[in-house]
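Since every read-out is calculated from the coordinates, none of them should be taken as a lab result. The shown structure was predicted, so the numbers you read here are calculated from the model rather than taken from an experiment. In this analysis, Cβ positions are derived from the backbone assuming ideal geometry, glycine residues included, and neighbour counts consider all displayed protein chains.
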Ligand code: AMP
């Protein structure tokens, strides 16, 4: 089975969710956002939601084991998918390793990591604006935003090296119009 599996990577506010929608319509991929799944669980008041909320409200990562098990079961829900866009996952090196392992069980793997690059001052501006429309508690509090960016730099940014070592990392300039950035992503995918 030839699947197109992409990790769409970047700090909070870099445009992963918006650009995922573009990739879904162009390539017919399945969008898997761990943040969206956690938020759906919070809304549904599940046990997983309750647990995730205690971390998300502080801008901390949900523990690897919980996140990996959840993501794995989301992947397994789909029969013969064209491929997945992983948005907000993996966020740690153990998550990246686990993802490789279970894609291998499906006789597939990650084709590319596309990393959106946006500087910190711009991220903070964007998240402040997003707070007005997203209804997300973790967007509304500047301290939580700062913590999410700190956690990204400390724990998540190193995941780039994991994919760089496999020659799968492509950095994408994340500044510009939504269309311009989509175009950059399409070109990177089509060239590989
Ligand atoms: P996001 O919607 O991607 O910004 O994620 C919102 C929050 O959900 C994060 O700040 C984390 O608390 C949690 N979260 C989402 N994805 C992961 C992940 N892969 N690992 C751990 N926590 C995550």
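So the values come out like this:
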item: Computed [θ] at 222 nm, deg cm²/dmol, the chain (DSSP H ≥ 4; -39,500 (n - 2.57); rounded to nearest 500); result: -16500 deg cm²/dmol
item: Cα centroid separation, the stretch 115-192 to the stretch 21-98 (Å); result: 16
item: Packing-based ranking, highest mean first, of 42-50, 5-13, 81-89, 119-127 given that Cβ atoms within 10 Å are counted; result: 5-13, 81-89, 119-127, 42-50
